[in-house]
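Chemist: Take a look at the following structure, please.
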Amino acid sequence: MNPSVPGSTKREQWLEALISYALLGLSVIFALLPVAWILSTSLKTEAEALSLPIHWIPQRPTLGAYVEMWTLKPFGTYFLNSILVSGVTALISTVLGALAGYGFSRFSFRGKTSLLAFFLATQMISGVLVIGPYFQILAAVELYNTLTGLIIAYVTICLPFAAWMSKGYFDSIPKEMDEAGLVDGASRFQIFYRIVMPIAVPGTVSTLLFGFLLAWQDLLWALCLISTDEKRTVTLGVAFTVGEFIIKWPMLTAASLIGSLPTIILYLFLQRFYVEGLARGAVKG
Amino acid sequence: MASGRTWHDRHIGYFFIFPATLMLVAVLVFPAFITMKLSLTPEGGSGRGLTLGHYQKAFQDPVLLKTFLNTFAFVAWSLVGHLTVGLTLALALNQALPGQTFFRLVALIPWTIPDVVAGIIFRWALNPIFGCINPLIRVVFPSFPAEFQWLSNPTLAFPSVILANIWRGYPLVMVMLLAGLMAIPRQLYEAAEVDGAGRMRRFWHVTLPGLSTIILIALALDMVWEFRRFALVLTMTGGGPGTLTEVLSTLVYKTYFQFFTFEYASAMAILMSIVLFLLSMPYIILVGRKQ
Amino acid sequence: MVIGFSGIGSAQVKIRFQTWHWGEKPVFFALEEFMNGFNKANPGIEVVRDDSRYADKESVYIAQSQAKSAADIAHFLHRAIPQLADRGYIMDLTPFIEKEGGQKFLDQWDPKALEVCKYKGKIYCLPDYANPLALLYNTVHYKEAGLDPNKPPATWVEFLDYARKLTRAGRYGVGLIGARQEGLFMRLNPWIWSAGGDYLTPDNKRSALDTPEALEGFKFYIELSTKHKVVPPGVIEQGAQEVRTQMAHEKVSMNVAVIQAPLIIKAINPNINVPEVFAAAPIPVNKKKVTTVEYGMRVISAFTKNPEETWKVYKSWYSKDVQMRNFNIYGVISARLDVKNSPDIGKNKFAKVFAAQGPYTKIEPSIPEWPKIGDAMITAVQEAFSGMKTPEAALRDAHLATNRALGVQ
């Protein structure tokens, strides 16, 4: 972190800022170009979306798709479902993943590398093959066509990633912090959530985002598991705009954009903790 | 630290790992077992003993071999792209510049678009007749052919898919690396400053080492993740032209859900898992050793 | 909703009615009408909609069937029947049909359509609709090119000639499908068959793609794009929907279409006066007059918990009134003889032509290996279109792959 490191000259800082802005400017173009097209399409009528010649700026912009998505299709319900499922998935997988990551990071025990390997290996079997048997389990416990069944699946897919990511972040926090806590008489668990977790906040942010997005964007599991409209997620709703004969381009694009908003809002909210975590890291030690 | 370890010390690690392990075992072991069993079942039904026939078939299947090679290329290029873009942006975003929050949000957006949507949009955008990319290029280069083919072109199809995948996937690596950068204590940079290290040396000797674990983990996770990616490829090209962009996950999907040959698909998936596991061994060992 | 009846919880039996068209107008209306009508007339049974997606119709059903919780009634195309039956996912309807009168009951449907419902001696469904393909063309473009709109091309030679004349600045003669989807071999079939070739030998045991006739048909399809350039670029990316969009925006003048095409084109481009601008004709002939047909049908899940009630719903869907209403709302040709042959069909100029293709229809081999063979065909088409292989080489590879799929050494 260089902004106010003593010693670097004003010129160096200025040059760095310039390069950074140039790179960021390029990244904005790279990231947003497809999004611009998505936005443009969402403001067109279905007829205009497919017409020739191609216009990046809609000739007759309309918010029709944005209105239709709530009235023609119950995207409100879809949103509630998605937020619920994604939020719970993110929380549970982050917590359990952090616990596991801490265990991997701080302790050595027999079979640790094998367990690490096992965690990762569980994700190597193609989801396609896991779905059928998983649904057999669900049907047996009457969790078919429920959001709970979906959440359990998503959490299980996220866990290994959350654990690995957490381990990485915990590894970069010196063990001396833990030792200090031990000397003060804290239990391992208290050290975990009072000392280490707060510093690992930026890592936790990544894990939360990952879990949230994985659950939000999944199509295959939700498609096979949910069969009624009231349980449907936003991504399913978007996928259903692609029918056998018609693709409702404006609604597809509008719903995707609105569907991105919760993650953006989540990131905005979690961002604040970045700064705090940073400051804390700088103050300690 | 040097003192003898109690039972508690030696086993407490297990307690932290236990809840996650329990979930994984409960939910995934049964399906994994079924998959294994399926891959050894002769086609057309169980009850006739186990057979390695599907694996035999797999080794003689020319399409499968080609698909493996495609997948390696796909994953390798995607990883390179993700790491390059992700690291560059993470470094740029790690500064306290005005507008930082805006840039961070914008950089995140590609990740928030679901695979399926990204695939459909890119496919349409690259369409020679109805796509928006060709007209856009012509604004800058008027001599560019009007109905230029991207996904129908045998040479350009794969790069197009990879580029779309890089666009979609770099934010994960970026966010992970950014968090990793934030964890590097300022004192290390300050100490290097005092020692007279310039920007490049600070980067090589402070930043990279500090990030090394995270980079390894990001690569390992991304690798597994990209091996599984299929919605993007499926919607963009369906594996075409011909079998040029067929990857393992789309092939398994097709073999299972379209050809209805569950047994063969299981064998393919098991083979894929084994290969993937072997590829990730270096990561597992390296990460496991880090303390 | 008041649970009206006396007594101890006369719980409504819920029958899950699955189709992938719930999101699409106008099919949606027909489905709603059916659902509401049936529910009103049959208190005690409640038909509930169960949504699936066209692109995932098999995957969803497979996953649900493995959990033994598939929808009671589901919607499929004829190609899926052999595999669904082999895996035991769909119910043999013979007992129900016997109760309804056996052969007399079955006589209400087109025998050709019924054939695809039978597999290994059992009957797994009733045929819902038949979707034959015909040539759709733009009469305005014809006039501009100096062609007579009342004399569509009847032979391949004429077809190529017309296509060349219609290809002018910014416009192409024909829209073809090259994308990896079922629509591709539906459009490829007539050319292969009309040349006298076929995919498999008549006993369905070996590939017949090594015959000169099959090659002739295959080459004709491919060379429309590669040699004669009467097809828009990027043909590998064009699926049925893209081609219809090309027709709707007058980028192409002809395509091989399903009966719903005129309605869809109108939906894509409301500015076109479809009945005036477009017309339909039989597909051009080489040696045989033949076209593809696609059958749609409903099946009953083998795992349904309420077979009797499900059969009631099923029968109602296949009744004359419902089938007639379906035709009027979304225009498919029912496989019920009394609907198919009704004078109403003749009133619609497009339906008339499509329906007239009935005697000349043929389907791909109805065997469980077909998806692999179809997949190999699509690969061959794409490789030939993109120039990766010559048509001969591509077809030869498809031939080998087909024999491999059939287990031929």
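Chemist: Give me D for region C:177-270 in µm² s⁻¹, whole number, from Stokes-Einstein with Rh from the Kirkwood sum over alpha-carbon pairs, 37 °C and 0.692 mPa s.
Modeler: Stokes-Einstein gives a translational diffusion coefficient of 228 µm²/s.
Chemist: Give a residue-ordered list of calculated ³J(HN,Hα) values for region C:70-77 (Karplus: 6.51 cos²θ - 1.76 cosθ + 1.60, θ = phi - 60°; whole Hz; x for Gly, Pro).
Modeler: 3J(HN,Hα) across region C:70-77, in whole Hz: 7, 4, 5, 10, 10, 10, 9, 9.
Chemist: Tabulate in residue order the Karplus-calculated ³J(HN,Hα) for region B:244-256, using 6.51 cos²θ - 1.76 cosθ + 1.60 with θ = phi - 60°, rounded to whole Hz; enter x for Gly and Pro.
Modeler: 5, 10, 6, 10, 4, 5, 6, 5, 4, 4, 4, 5, 7
Chemist: How much net charge surrounds C:Phe303 when only other residues with a Cβ under 10 Å from its Cβ are counted (Lys, Arg +1; Asp, Glu -1)?
Modeler: Its environment carries a net charge of +1.
Chemist: If you keep only loop residues by DSSP, which trypsin sites (Lys or Arg not before Pro) in region B:22-96 have at most 10 other Cβ atoms within 10 Å of their Cβ?
Modeler: Passing sites in region B:22-96 are B:Arg48.
Chemist: Can you compute the modelled spin-label distance between C:Ala41 and B:Leu65, with each label point 7 Å from Cα toward Cβ, in nm?
Modeler: About 6.1 nm separates the two model spin labels.
Chemist: Computed over the Cα atoms, what is the radius of gyration of region C:1-152 divided by 2.2 N^0.38 Å, N being its residue count?
Modeler: 1.40
Chemist: Please go through region A:84-186 and write out the GluC sites (Glu not before Pro) that DSSP classes as loop and that have at most 12 other C-beta atoms within 10 Å.
Modeler: Loop-located and lightly packed - A:Glu142.
Chemist: Under 5 Å between amide H atoms, partner at least 5 residues away or on a different chain: which partners does C:Tyr295 have, H built in plane at 1.01 Å?
Modeler: C:His78, C:Asn131
Chemist: Would you mind giving the average projected area, over all directions, of the Cα convex hull of region A:107-247 in nm² with one decimal?
Modeler: 11.7 nm²
Chemist: Round to the nearest 0.05 the FRET efficiency obtained for A:Tyr193 and A:Gln59 when R0 = 51 Å and r is the Cβ-Cβ distance.
Modeler: E(calc), rounded to 0.05, equals 0.35.
Chemist: For the modelled label position 7 Å from the Cα of B:Leu279 along Cα-to-Cβ, which residues of region B:45-87 have backbone nitrogen atoms closer than 17 Å?
Modeler: B:64-84
Chemist: Then there is this: Sort out for me the Cα centre separation of region A:200-264 from region C:329-402, rounded to whole Å.
Modeler: 34 Å
Chemist: Which longest run of chain B has no exposed loop site in it, a site being GluC sites (Glu not before Pro) in a DSSP loop with at most 16 other beta carbons within 10 Å, and the site itself not part of the run?
Modeler: B:148-291
Chemist: Using amide H atoms built 1.01 Å from N in the peptide plane, name the residues 5+ places from C:Ala134, or on other chains, whose amide H lies under 5 Å from its own.
Modeler: Placed amide hydrogens put C:Ala257 under 5 Å from C:Ala134.
Chemist: Something else now. Return one quarter of the surface area of the convex hull spanned by the alpha-carbon atoms of region B:1-154, equal to its mean projected area, in nm².
Modeler: Projected area, direction-averaged: 20.0 nm².
Chemist: Between region B:228-291 and region C:108-141, how far is it from one alpha carbon centroid to the other, in angstrom?
Modeler: A separation of 37 Å, based on Cα centres.
Chemist: Two-decimal Rg/Rh of region B:61-290 from alpha-carbon positions, Kirkwood Rh?
Modeler: We get a ratio of 1.04 for region B:61-290.
Chemist: Moving on. Could you tell me, in Å, what Rg and Dmax come out for the Cα atoms of chain C?
Modeler: Cα-based Rg and Dmax for chain C come out at 22.3, 76 Å.
Chemist: For the protein assembly as shown, what is the calculated [θ] at 222 nm in deg cm²/dmol (nearest 500), taking -39500 (n - 2.57) for each run of four or more DSSP H residues and dividing by its residue count?
Modeler: Mean residue ellipticity, 222 nm, calculated: -19000 deg cm²/dmol.
Chemist: Straight-line reach from C:Lys287: which aspartates and glutamates fall under 12 Å, measuring Cα to Cα and dropping same-chain residues less than 8 apart?
Modeler: C:Glu213, C:Glu216
Chemist: Something else about it: Sticking with the crude label model, points 7 Å out along Cα→Cβ, report the distance from C:Lys14 to C:Lys320 in nm, one decimal please.
Modeler: Result for the modelled spin labels: 3.5 nm.
Chemist: With every atom except the alpha carbons ignored, what do you get for Rg and Dmax of the protein assembly as shown, in angstroms?
Modeler: 30.0, 99
Chemist: Based on the Cα gyration tensor of region C:303-409, what are the three equivalent ellipsoid semi-axes, each the root of five times an eigenvalue, rounded to whole Å and given largest first?
Modeler: Value: 39, 23, 11 Å, ordered largest first.
Chemist: Regarding region C:271-327, what whole-number volume in Å³ per residue does the convex hull of its Cα atoms give?
Modeler: It is 192 Å³ per residue.
Chemist: Give me the three principal axis extents of region A:1-126 from the C-alpha atoms, as integers in angstrom, largest value leading.
Modeler: For region A:1-126, the Cα spread along each principal axis is 65, 51, 26 Å.
Chemist: Exactly which chymotrypsin sites (Phe, Trp or Tyr not before Pro) in region A:1-94 are in a DSSP loop and have at most 16 other Cβ atoms within 10 Å?
Modeler: Hits after loop and neighbour filter: A:Trp56.
Chemist: Mean separation of Cα pairs under 8 Å and 6+ residues apart, divided by the residue count of region B:61-290: what relative contact order is that in percent?
Modeler: Dividing the mean separation by the residue count of region B:61-290 yields 28 percent.
Chemist: Still on this model: Taking the C-alpha atoms of region B:23-98, how large are the radius of gyration and the largest Cα-Cα span, Dmax, in Å?
Modeler: Radius of gyration, then largest Cα-Cα span, for region B:23-98: 21.6, 69 Å.
Chemist: For region B:141-273, would you read off the P(r) tail past 21 Å as a percentage of all alpha carbon pairs?
Modeler: So the pairs more than 21 Å apart make up 61 percent of the total in region B:141-273.
Chemist: My understanding is that a pair violates if its Cα-Cα distance is over 20 Å; which of C:Lys40/C:Lys340; A:Lys112/A:Lys175; C:Lys289/C:Lys352 do that in this structure?
Modeler: Flagged as over cut-off: C:Lys40/C:Lys340.
Chemist: Please find the FRET efficiency linking A:Val28 to C:Asn328, where r is the Cβ-Cβ separation and R0 is fixed at 60 Å, and quote it to the nearest 0.05.
Modeler: Computed FRET efficiency for A:Val28 and C:Asn328 comes out at 0.70.
Chemist: In nm, give the distance between the simple-model label positions of B:Leu50 and A:Leu84, each being 7 Å from the Cα along the Cα-to-Cβ direction.
Modeler: 4.3 nm
Chemist: May I ask you to compute the full-extension gain from C:Lys287 to C:Ala154, defined as 0.36 nm times their residue separation minus their alpha-carbon distance, rounded to one decimal in nm?
Modeler: 46.7 nm is the gain from fully extending C:Lys287 to C:Ala154.
Chemist: Starting at 0 and stepping by 5 Å, how many percent of the alpha carbon pairs of chain A end up in each bin?
Modeler: 1, 5, 9, 11, 13, 13, 13, 11, 9, 7, 4, 2, 1, 0, 0
Chemist: May I pose another question? Could you identify which residue out of A:Arg106, A:Arg11, A:Arg272 has the top mean-square fluctuation in a GNM of chain A using Cα springs shorter than 10 Å?
Modeler: Highest fluctuation of the listed residues: A:Arg11.
Laboratory data are not the source of any read-out in this text; all were calculated from the coordinates shown. Computed from a predicted model, the values in this text were never measured in an experiment. Here the Cβ is made from the backbone with ideal geometry for all residues, glycine too, and neighbour counts use every protein chain on show.
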